[in-house]
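Asker: Just passing along the structure, written as structure tokens.
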Amino acid sequence: MQIKVTVLGPGVADGVDVSIAAPGGTQLSAVLGSLASAVSPGGATPGAVFCEDRRLDPAQTPLGQPPLVDGAVLSLHRPLDGPGAEPVPARLLVASGPDAGGVHLLRGGTATIGRSADADIPLDDPDVSRLHCALTLGADGAITVADLGSTNGTSLDGRPVRERPVAVPPGGILRLGESALRVLTDERQPAAGGPPPAAGAAPSPPPAADADGRAARRAGWARGRRGPVAEPAGAPAPPAPGAGGPVARPSAADESRWPDLAALLLLAVESGPRLWERGPDSPDAYGIRLGTAPSPADGLVPVTVSLPAVGSLGLAGPRERIAGLARAVLAQLAALQPPSALELVVLAPGRAAEWSWLGWLPHTRPARGQDCRLLLGFDDEQVAARLAELAELTAAPAGGAPRRRSVVLVDGPLAGAAGQAVARLAADGPAAGVHLLCLAETPPATPSSPVASTLAAARAAAPAFAACGAVGLLSGAVATAVRLVGPDDSPGPPASADAVSPAWAERFARALAPLREERVGGGAGPAAQPGAPLPESCRLLDVLELSRVTPGALRERWAAGTELPLTLGAGERGPVTLGLAALGGPLLVEGGSRAGRTESLNALAASLAATLGPRELSLLLVEGAGEGLAPSAELPQVASYLTATDPLRIRAFAQALRAELKRRALLLGGSDFVARRLAAEAAGAGLAEAALAGGEAAEGRVVAPRSGGEPVGWAAREAAVPEPPMRAEGSAPLPWLVVLVDDLPALLAPPLGAPGRQSAGSMLRALDAVRREGQALGVRLVLAGARPTVEDPLRLASATRLSLTGTPPGRGELWAPDGARTPVQVGRITGRIPRTATLRPTVTRLDWARLGDPPARRPVRELGNGPTDIALLASAAARAARTREAAPATPV
Ligand SMILES: Nc1ncnc2c1ncn2[C@@H]1O[C@H](COP(=O)(O)OP(=O)(O)OP(=O)(O)O)[C@@H](O)[C@H]1O
């Protein structure tokens, strides 16, 4: 479990971003001291901890679960401003303009709006007066607006507003300066535990204005589950952007298709239904709204551009303003496209402070195995690494339209090889789904700097600009308007540019940070399941969430275990499991020498033993060569452990296995093991009882001792070999039975002179009988070896298989018979792992500038002494089995 959170302490205005790594289920109390010293070295463990305005009980708040998830803000000294629990009758959304995106709660009374920090609702718009207008929410719920003598005036739905208050209808649009504000009356109560966000509440005191633009951290915000309400309903769907050329001209109907930034913030905070709505096939996928144009009806008419149509997009203008516009563009992309359809890459050397907020977004996590913690390039090496990763996409473009596109922010002078690589990307990228968002610092386009010369300045400042199919050019004296320039260099009419503040962007990105994509329904391929890169190695007990394996923990699991799921190890999106009960045939573990086949079998045995106790599960371990499974033989579920050293013992085993199949068939009397088990469970009886009711007599017949006579010669020696047990000690009459065979080829085709040669045939027949009959009898087969090429007596060519590559050991893919593949790093179970390395939760201060580096690879150092993990598990399981026997029987 690993999360990134921010911690605030006394005198730490901005807070400290930290990464916390800990075994699953660890409580906040385990890291509280480390969090306190991360905020102020030597600081005492705090007495109280808050997440937003909520006080946490550190002993009862698990890390990695709400509210302690990615992006959370913790305060170690006082509660943060929260939106409160009272109903909010109305909200004011800043729908468009240079300080767009704000969501302000109106609770009653009068709130002033203006450029001044003293305004109740501050608006960073140069064309807005210091105190521009005032909104009043009356006790009866009516809202009025009055101008406060502003320089540029206020209008409501196109009509000028003067000093005399006028009524604001629901959905009414206020215009002041370049900004458009929408009032939403909202009678609904805030959702339990998740009231709407407060960017600033009026007239209750807004959060302190923040000179460095990080108010979001202090303001805090909540996560609820209400849908956004900012779009007018019933607008007909207009044609896709670019349908009439790459750069769409505004049309009034577009408004509902292009949610404004305030609506997007609500979407992110409340995980609204439109979040990540645009898959790769959506007509509006990768479309961007740059601003809004005036319309005759004074609605907000979006000016949009489609990245697939234009290839790459350039933004040119004064630094502050293009940064705000670029933030708005990136936020829109991240809100509407899921991470499975979009990766965001940052190439901005020296600008970590400005763009690190993007690191909270799930879209900047490497999902293609890139060697970094986040897809950020803040120095030359990181930029080179990101460019090399992107070049892989253009070198081998997938056929057809890309299912996942990359949007690459290019901000800053990229010289030399990096500059050339960016130029190549600008040219070749779009066809492979790589689109640049290029920023160039220029003066705004004004009469003194006409469009043509501003464009020329941009192309000189950022060479990749020339390859951009569209350019958003900021214009006007204060650069708050945008003109969309198409490939023919002809500019569209000026529109109000949408821009958001750094604080807004950070708040937005944090809201998305804990979200993970559900599998997108239907035909979404594996690309719909991006995730973290696989670890170099992992500890099975950690993956099983059994870091502290105790008899009590095992008894609890055994009592709950009804299926036969097998946890193999870590995947890109959490543990990889396999339902052995549903498995139609054998599971083949294949791979080259030293790939980790034996370890995988041990891991499977351990995983089974952690799920079902010896009463419900018996394991048979068979070695074709060597003794690699010996560590698992200590598990109390193991009924027999066979090494291929004595042909007589091998034959006896094969016979016993076939006899066991017969015994099971008789006991089950033709019914299916799983069905019988389910029926027994439903009837409240254990399978032991249910099975015996129908098969007691059969039981007696089948397991009767072999009849005597006086054996001679070979037969005498054979009779002297005791029949190996097929059920673990303390087993029910019909437990699950799993046969795990290592080095299968050595067992079935032993080399000349090998002891198993005489008995290979009987073993093959026994295993084949399990393959054919075991499914209905509750017997499963797991075999390790190479995938057969010519002879395939056990029909393994079509088996479910765990295919190990061996680099690193234990790395592989799980192949379902239908061809679906799941990458996995098989958990290590026979190692001696220092408890400190895996068990002690760690808190590390985040340095955003370094998250684009390859992750530090600390080799997992194993202790030279001390018990192995499998030994720990076996001893806990043996104790659990003993203490469980003493307890009343649980239904099997
Ligand atoms: N899942 C894993 N995680 C970490 N290390 C592993 C893992 N699996 C195997 N290893 C390492 O690789 C070595 C070889 O593994 P193992 O003996 O399981 O391979 P194998 O495929 O059975 O090899 P062979 O049959 O050729 O002897 C182990 O000693 C161990 O150090």
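Asker: Hey, among Asp53, Asp99, Asp57, which residue is out of contact with any helix residue (DSSP H, G or I) (no Cβ under 6 Å at 6 or more places or on another chain) and within 23 Å of Leu181 (Cα to Cα)?
Answerer: Testing whether each residue is out of contact with any helix residue (DSSP H, G or I) (no Cβ under 6 Å at 6 or more places or on another chain) and within 23 Å of Leu181 (Cα to Cα) leaves just Asp99.
Asker: Another question, if that's okay. Counting only residues that are crowded, with 17+ Cβ neighbours inside 10 Å, give me the strands (runs of 3 or more DSSP E) lying completely in the range 42-153 with at least 3 of them.
Answerer: Filter on the range 42-153 gives 49-51, 73-75, 90-96, 103-106, 109-114, 133-137, 143-147.
Asker: Let me ask another. Taking the options Glu634, Glu599, Glu623, Glu590, name whichever one is closer than 16 Å to Gly831 by Cβ and within 14 Å of the ligand (Cβ to nearest atom).
Answerer: None of the other options fit; the residue is Glu599.
Asker: Here are Arg676, Arg615, Arg649, Arg664: which of them is in a loop (DSSP other than H, G, I, E, B) and more than 16 Å from the ligand (Cβ to nearest atom)? Break it down stepwise before answering.
Answerer: Working: Arg676 fails: in a loop (DSSP other than H, G, I, E, B); Arg649 fails: in a loop (DSSP other than H, G, I, E, B); Arg664 fails: in a loop (DSSP other than H, G, I, E, B).
One residue alone meets the criteria, Arg615.
Asker: Could you identify the single residue in Ala423, Ala401, Ala466, Ala456 that is modelled with pLDDT of 90 or more and either within 25 Å of Leu333 (Cα to Cα) or assigned to a strand (DSSP E or B) (or both)?
Answerer: Within the list Ala423, Ala401, Ala466, Ala456, the selection yields Ala423.
Asker: Going by the structure shown, is Leu580 more than 11 Å from the ligand (Cβ to nearest atom) and of a type in the set (A, V, I, L, M)?
Answerer: Details: more than 11 Å from the ligand (Cβ to nearest atom): yes; of a type in the set (A, V, I, L, M): yes.
For Leu580, the condition - more than 11 Å from the ligand (Cβ to nearest atom) and of a type in the set (A, V, I, L, M) - is met.
Asker: Only one of these conditions is not met by Pro854: (1) surrounded by 12 or more Cβ atoms within 10 Å (Cβ to Cβ); (2) modelled with pLDDT under 80; (3) within 30 Å of Asp380 (Cβ to Cβ). Which number is it?
Answerer: Going through the list (1) surrounded by 12 or more Cβ atoms within 10 Å (Cβ to Cβ); (2) modelled with pLDDT under 80; (3) within 30 Å of Asp380 (Cβ to Cβ), Pro854 breaks only (2).
Asker: Looking at Leu734, Leu796, Leu744, Leu814, which one is in contact (Cβ under 8 Å) with a residue 24 or more places away in the chain, out of contact with any helix residue (DSSP H, G or I) (no Cβ under 7 Å at 6 or more places or on another chain) and more than 16 Å from the ligand (Cβ to nearest atom)?
Answerer: On the way: Leu734 fails: out of contact with any helix residue (DSSP H, G or I) (no Cβ under 7 Å at 6 or more places or on another chain); Leu744 fails: more than 16 Å from the ligand (Cβ to nearest atom); Leu814 fails: more than 16 Å from the ligand (Cβ to nearest atom).
Matching residue, one of Leu734, Leu796, Leu744, Leu814: Leu796.
Asker: Do we have any residue at all in the range 11-19 that's among the small types (Gly, Ala, Ser), part of a loop (DSSP other than H, G, I, E, B), farther than 19 Å from Leu515 by Cα and touching a Pro at 6+ places or on another chain (Cβ under 8 Å)?
Answerer: no
Asker: Could I ask something else about it? Which residue out of Leu802, Leu781 is under 27 Å from Arg677 (Cβ atoms), modelled with pLDDT of 85 or more and within 16 Å of the ligand (Cβ to nearest atom)?
Answerer: Working: Leu781 fails: within 16 Å of the ligand (Cβ to nearest atom).
Being under 27 Å from Arg677 (Cβ atoms), modelled with pLDDT of 85 or more and within 16 Å of the ligand (Cβ to nearest atom) holds for just one of Leu802, Leu781, which is Leu802.
Asker: Look at the range 636-659 and say how many of its residues are among the polar types (S, T, N, Q) and surrounded by fewer than 22 Cβ atoms within 10 Å (Cβ to Cβ).
Answerer: 3
Asker: For the range 814-830, what are the residues that are surrounded by fewer than 17 Cβ atoms within 10 Å (Cβ to Cβ) and modelled with pLDDT of 85 or more?
Answerer: Once the filter is applied, which keeps residues that are surrounded by fewer than 17 Cβ atoms within 10 Å (Cβ to Cβ) and modelled with pLDDT of 85 or more, the range 814-830 yields only Arg821.
The values are calculated or read from the model by the stated rules, or taken from the named source; none is laboratory data. Since we're looking at a predicted model, the values are computed, not measured. Cβ coordinates were reconstructed from backbone atoms using ideal geometry, including for glycine residues, and neighbour counts include every protein chain displayed.
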